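Chemist: Sharing a structure with you now.
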Amino acid sequence: MSKTIEVKFKDQQFPGYLAEPAGPIKGALIVIHEVWGLTDHIKSIADRFAGEGYLALAPDLFYGNGIDIEALGGLQASLFDPEKRAEAQPKLRLLMAPIQAPEFGQITLDKTQACFNYLEGLDGVNGRIGITGFCFGGTYSFSLAVHEPKLKVSIPFYGHADFSVDELRNITCPVLAFYGANDEALISSLPELKTKMADAGANFTSQVYEGCGHAFFNDTNKFTYNLDAATDAWNKTLSLLETSL
């Protein structure tokens, strides 16, 4: 069963998609969307987690930020099409201008924290809360792990983690991060991140899939989806959730 809920944030609210398991709750999971916003694809992932027994909340973290989600969705295919990418990139930068605001990062982290607080207050959760996310959502999956000591597990898919060793020392849960080997920007920075995680004493594991690029898990993107990698990542995710939540 699924429904739209409102998450309290300061003196406002923002919407989220809550997918509920049919039986007992194994734990709760925040599912953060890609840069395309809270799409049907992300909702379907929340539904898949609910089918595995997890209460899954997929929030709309772009709500109220002035980002045109419909226009963004129209650009997705062009941005991954080699013949149309150059034309689409400046349009994307224009649409994503609100993200460049100095306060955006802190507000988004605070909204993610509000999702954690919402789940923490629900019956049956009992503090068993994790987070996963994709691209934009992967970045905030790292971020919540740094800032929320009660988080039980973080599973970022192709996200950025621009933190110091001192900040990474705040991580108290296992972190399993997925990457495509052809995702050049993230792969080039991964060795440094692994070193920092080790220096911080964090429980960090990275999984890199050869022959894949960014967004290999998105089965609505014909240019990036990789069935074998997505299947393996899903199974590894479920295994970690089973032991962490």
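Just so you know, all these numbers are worked out from the coordinates, no wet-lab data involved. Here the structure is a predicted model, which means the values were calculated and not measured. Backbone-built Cβ (ideal geometry, glycine too); neighbour counts: all protein chains shown.
One line per residue, one yes/no per condition, for (1) in a helix (DSSP H, G or I); (2) surrounded by 15 or more Cβ atoms within 10 Å (Cβ to Cβ); (3) touching a helix residue (DSSP H, G or I) at 6+ places or on another chain (Cβ under 6 Å); (4) not basic (Lys, Arg):
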{"position": "185", "(1), (2), (3), (4)": "yes, no, no, yes"}
{"position": "188", "(1), (2), (3), (4)": "yes, no, no, yes"}
{"position": "195", "(1), (2), (3), (4)": "yes, no, no, yes"}
{"position": "199", "(1), (2), (3), (4)": "yes, no, yes, yes"}
{"position": "214", "(1), (2), (3), (4)": "no, yes, no, yes"}
{"position": "229", "(1), (2), (3), (4)": "yes, yes, no, yes"}
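Chemist: Residue by residue through the range 1-50, note down the ones that are in a strand (DSSP E or B) and more than 17 Å from residue 64 (Cα to Cα). Full working, then the answer.
Modeler: Restricting attention to the range 1-50, the residues satisfying the condition of being in a strand (DSSP E or B) are 2-9, 12-19, 27-32.
Once the filter is applied, which keeps residues that are in a strand (DSSP E or B) and more than 17 Å from residue 64 (Cα to Cα), the range 1-50 yields 2, 3, 18, 19, 27, 28, 29, 30, 31.
Chemist: Could you pull out the residue among 82, 90 that is outside any helix (DSSP H, G or I), exposed (fewer than 13 other Cβ atoms within 10 Å of the Cβ) and not polar (S, T, N, Q)? Please lay out each step first, then the result.
Modeler: Numbers: 90 fails: outside any helix (DSSP H, G or I).
Within the list 82, 90, the selection yields 82.
Chemist: Now for a different question. For the range 58-79, check the following and say yes or no: at least one residue is assigned to a loop (DSSP other than H, G, I, E, B), out of contact with any Lys or Arg (no Cβ under 8 Å at 6 or more places or on another chain), crowded, with 17+ Cβ neighbours inside 10 Å and of a type in the set (A, V, I, L, M, F, W, C).
Modeler: Checking the range 58-79: at least one residue is assigned to a loop (DSSP other than H, G, I, E, B), out of contact with any Lys or Arg (no Cβ under 8 Å at 6 or more places or on another chain), crowded, with 17+ Cβ neighbours inside 10 Å and of a type in the set (A, V, I, L, M, F, W, C).
Chemist: To continue, here is another question. Looking at (1) more than 29 Å from residue 187 (Cβ to Cβ); (2) within 20 Å of the chain's Cα centre (by Cα), which one does residue 126 not meet, given that it meets all the others?
Modeler: (2)
Chemist: Taking residue 39, is it buried (at least 16 other Cβ atoms within 10 Å of the Cβ) and polar (S, T, N, Q)?
Modeler: Considered against the rule, which asks whether it is buried (at least 16 other Cβ atoms within 10 Å of the Cβ) and polar (S, T, N, Q), residue 39 comes out as yes.
Chemist: Another question, if that's okay. So which residues in the range 101-137 are under 27 Å from residue 213 (Cβ atoms), in contact (Cβ under 8 Å) with a residue 60 or more places away in the chain and not in a strand (DSSP E or B)?
Modeler: 112, 135, 136, 137, listed by residue number.
Chemist: What pairs come out if I take residues in the range 231-244 that are of a type in the set (Phe, Trp, Tyr) and pair them with residues that are surrounded by 12 or more Cβ atoms within 10 Å (Cβ to Cβ) whose C-beta lies under 9 Å away, six or more apart or interchain?
Modeler: Within 9 Å, the pairs are 234/48; 234/217.
Chemist: With the requirement that a residue be touching a residue at least 40 places away in the same chain (Cβ under 8 Å), of a type in the set (A, V, I, L, M, F, W, C) and touching an Asp or Glu at 6+ places or on another chain (Cβ under 9 Å), what does the range 17-57 give you?
Modeler: 25, 28, 42, 50, 55, listed by residue number.
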